[in-house]
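What follows is calculated from the coordinates using simple rules that are stated; it is not laboratory data. Keep in mind it's a predicted model, so treat the numbers as computed, not measured. Heads up, the Cβs are rebuilt from the backbone with ideal geometry, glycines too, and the neighbour counts pull from every protein chain shown.
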Amino acid sequence: MKIIGIAGTNGSGKDTLGEILANDFGWYFVSVTDILRAEVKKRGLPPERKHTSQVSAEWRRESGLGVLIDKAVEIFEAFSEQYNGLVIASLRNPGEADEVHKLGGQVVWVDAGPKIRYARVESRARGPEDHKSYEQFLQEEQDEMHNHTADDTGLNMAAVKAKADILITNDGDSLETFKASIASKLAL
């Protein structure tokens, strides 16, 4: 099975990368954030980052650090014959990067300048939590970059970045330029 795990900072283009791989290159795209939002909704909680983070840590404690990758692979298995591979976003724990590598895949880290990413998050405004000050945006990112739980089940994007095989910078505003960068970096 071909597999790519996508990680990166908020607003960097992780979902856009997944959608490009799906729409232009025939990959099946799974957003683990969507899996978590569905679980949070099922529990009757608002789809806020603090709740998705709590659920992901709970699942990691119960089923291992790669549980979200396992869930994405399980979804993909029903469709695997129809696609060139599986692309999964957003890896936020190093155990997820380890699981992608264990399955023979690559981890891609996507990043962009903080002001560019902040503008993107503000413009897409998926929910009330996306409306925050620039300072709040930066603080939230810092909180997610390093594990703050008593165990290793929390968010730790810095550790995921350290395990990335490919780094892509997405500072531009041209989708075509981003597509060309993706094709080049991933040898598609």
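Details
This table checks each residue for (1) among the β-branched types (V, I, T); (2) within 13 Å of the chain's Cα centre (by Cα); (3) more than 26 Å from I168 (Cα to Cα).
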residue: T9; (1), (2), (3): yes, yes, no
residue: L17; (1), (2), (3): no, yes, no
residue: D24; (1), (2), (3): no, no, no
residue: S31; (1), (2), (3): no, yes, no
residue: L45; (1), (2), (3): no, no, yes
residue: E48; (1), (2), (3): no, no, yes
residue: Q54; (1), (2), (3): no, no, yes
residue: E62; (1), (2), (3): no, no, yes
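- Scanning segment 157-176 for residues that are of a type outside the set (D, E, K, R), assigned to a loop (DSSP other than H, G, I, E, B) and closer than 15 Å to N10 by Cα yields one hit, N170.
- Under the condition of being surrounded by 12 or more Cβ atoms within 10 Å (Cβ to Cβ) and not aromatic (F, W, Y), the residues counted in segment 176-188 number 8.
- Counted residues, segment 154-179 - those being in contact (Cβ under 8 Å) with a residue 24 or more places away in the chain, aliphatic (A, V, I, L, M), within 30 Å of W59 (Cα to Cα) and out of contact with any strand residue (DSSP E or B) (no Cβ under 7 Å at 6 or more places or on another chain): 3
- Of the candidates T52, T33, the single residue that is among the β-branched types (V, I, T) and more than 26 Å from K179 (Cα to Cα) is T52.
- Scanning segment 36-72 for residues that are farther than 22 Å from E141 by Cβ and of a type in the set (A, V, I, L, M, F, W, C) returns A38, L45, W59, V67, I69, A72.
- Residues of segment 99-120 satisfying the condition of being in a helix (DSSP H, G or I), surrounded by fewer than 20 Cβ atoms within 10 Å (Cβ to Cβ) and either among the aliphatic types (A, V, I, L, M) or out of contact with any Ser or Thr (no Cβ under 9 Å at 6 or more places or on another chain) (or both): H101, K102, K115, I116, A119
- Residue within segment 16-24 that is in contact with an Asp or Glu (Cβ under 9 Å, 6 or more places away or on another chain), surrounded by 20 or more Cβ atoms within 10 Å (Cβ to Cβ) and within 23 Å of K185 (Cβ to Cβ) present: no
- Segment 62-98, residues that are among the small types (G, A, S), touching a residue at least 24 places away in the same chain (Cβ under 8 Å) and not in a helix (DSSP H, G or I): G64, G66, G85, A89, S90
- Some residue of segment 143-153 being under 14 Å from the mean Cα position of the chain (by Cα), surrounded by fewer than 20 Cβ atoms within 10 Å (Cβ to Cβ) and not polar (S, T, N, Q): yes
- The single residue among N23, N10 that is in a loop (DSSP other than H, G, I, E, B) and polar (S, T, N, Q) turns out to be N10.
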